[in-house]
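The values are calculated or read from the model by the stated rules, or taken from the named source; none is laboratory data. Quick caveat, the model's predicted, so the values are computed rather than measured. Using ideal geometry, Cβ is built from the backbone for each residue, glycine included, and neighbour counts are taken over all protein chains shown.
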Amino acid sequence: MKEFLKTTIVGGVLFLLPVALVLLILGYAVRLAAKVVQPISNSLHLDRLGDVGGVGVVTIFAVLVLIFVSFIAGIVARTTVGGRMSRWFDNSLLASLPQYQLVKSMAEGLAKVESTSGVKPALVSIEGGWQIGYLLEPLENGWVAVFLPQAPAPMSGNVMYFPADRVRPLGITMVQAMALMKRIGVGSGEALRGADLRPPAGQ
């Protein structure tokens, strides 16, 4: 129980730190955008509309502006010039900042999981039991690449390689698998209903 509590608390802290960092950066970005759109709001008399669900109209306007700017930045990032700018930032002083690298790696990891249809949840046979992993791709000679997440952080873990007969794809989505990891396994009964949990041959 002591070891379980320690690993769970440490895992929770590691999961919350990047989340808190992202929220801090987003909060600063919203405040900065609010200052920019305040003159526009005043000229359009948007403040007369009052609050929407307890949120100020200026704040909502600022969030919409951020979303629009992010969309335009995403389009620019796909161009040749955008790619050069991104590489320049990566090679600049920002590369030495751990906060920048942390947020960048989180965003890239989430984007790859969302955009890669080949990544599928799977059961991986480890030490006489089964662990949830993300099946990445097949390798040569009957081996496969698997990402083993660490609860409660579904995007934190290790890449490992196993014989294909030790990995069984699951009939759930990546969203369900990641939610199961966040809940440290609570809900496994429903998620693994009907799954083949018999040991692989030879074990």
Region 164-177 residues that are closer than 16 Å to P149 by Cα, paired with ones that are of a type in the set (K, R) (beta carbon under 7 Å, 6 or more apart): P169/K120
Is it true that some residue in region 164-181 is at pLDDT 85 or above, part of a strand (DSSP E or B) and either surrounded by fewer than 11 Cβ atoms within 10 Å (Cβ to Cβ) or not β-branched (V, I, T) (or both)? yes
